[in-house]
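To start, I am sharing the structure in question, which I have written as structure tokens.
The values are calculated or read from the model by the stated rules, or taken from the named source; none is laboratory data. All figures in this text were calculated on a predicted structure; none of them were measured in a lab. Because the Cβ atoms are built from the backbone with ideal geometry, glycine has one as well, and the counts that use them run over all protein chains shown.
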Amino acid sequence: MNLFSRTAPARPPAVLAHSASRSSMTFPHGFIDFLKVSPGRRHHIGDHELRPAQLERFNQALRELSPEAPAMSLDQIASAAKRALQRHADGATPPFVQSRMRSLMRLEALAEDSDWEPSQELRRQVRVLKDYRLDDAKLISDGLAVVGLLDDAVLVDVSLQLLHDELGNYEDFCRFRKVAAEFAGITESETGLTRSQWLEALQEARVSRARTDAPVDRFAPNPRDSLFHIG
């Protein structure tokens, strides 16, 4: 389920040739469709009541991630939770939620990776996600079966798509660092490779391949092997 569009944060020029075709919308497309309302829905998830004050906290985080984000309603959240509960009557956590929470852990690690020198925007968004995640006033209680992390997962998904280009670049850097470590027989941290060196190597590869008409845009072999899954 791909709920959101992508916007491109500041990035090194000519790193992602394919990104020019992506949407320039600042708020994820498809979000309202995902949160379509079921008429007459009570503002409850089982015995858990969705409260306006907690909804405002969720919408605050949403606006901090994407300033043009429209405010969500209790009806929309309750309807989305109801559909998730119907689809996962066995009590399992939805794959959407599982993948976004794994991505949140990866985002937090990325924000601390000094070799990459993450952007200020990425660090800011990670702080917003973490602050909401730890807030006692968050919209949905973590202890609820199936949907306990649904609100967190929706916010993570917004960040994944708004940060899409930097995340793609970081994945390629990680592949570059991993290959170098395997070749030298050392750990990735021992390579000491940095973002600048990755860019230099990428440029050198492009120059070399230009002679054979085989352009290089990536070191990573398969773009589907995403560490920040949004499919």
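Inside region 78-114, can you point out the residues that are assigned to a helix (DSSP H, G or I), more than 15 Å from Ala145 (Cα to Cα) and either without any contact (Cβ under 8 Å) to a residue 40 or more places away in the chain or β-branched (Val, Ile, Thr) (or both)?
Met105, Glu108, Ala109, Ala111
Working carefully through the options Asp131, Asp75, Asp151, Asp157, find the one that is in contact with a Pro (Cβ under 8 Å, 6 or more places away or on another chain) and assigned to a helix (DSSP H, G or I).
Asp157
Condition first: without any contact (Cβ under 8 Å) to a residue 24 or more places away in the chain and among the small types (Gly, Ala, Ser). Now tell me which residues in region 155-188 satisfy that.
Scanning region 155-188 gives Ala180, Ala181, Ala184, Gly185.
Please tell me if Asp115 is on the phi < 0 side of the Ramachandran plot, of a type outside the set (S, T, N, Q), modelled with pLDDT of 90 or more and surrounded by 16 or more Cβ atoms within 10 Å (Cβ to Cβ).
Yes: the conditions hold for Asp115.
Follow-up question, since we're still on this one. For region 58-108, give me each residue that is modelled with pLDDT of 95 or more, crowded, with 20+ Cβ neighbours inside 10 Å and under 15 Å from His43 (Cβ atoms).
The answer is Phe58, and nothing else.
Against the conditions (1) within 26 Å of Met72 (Cα to Cα); (2) in contact with a Ser or Thr (Cβ under 7 Å, 6 or more places away or on another chain), where does Arg177 fall short? Just the number, please.
(1)
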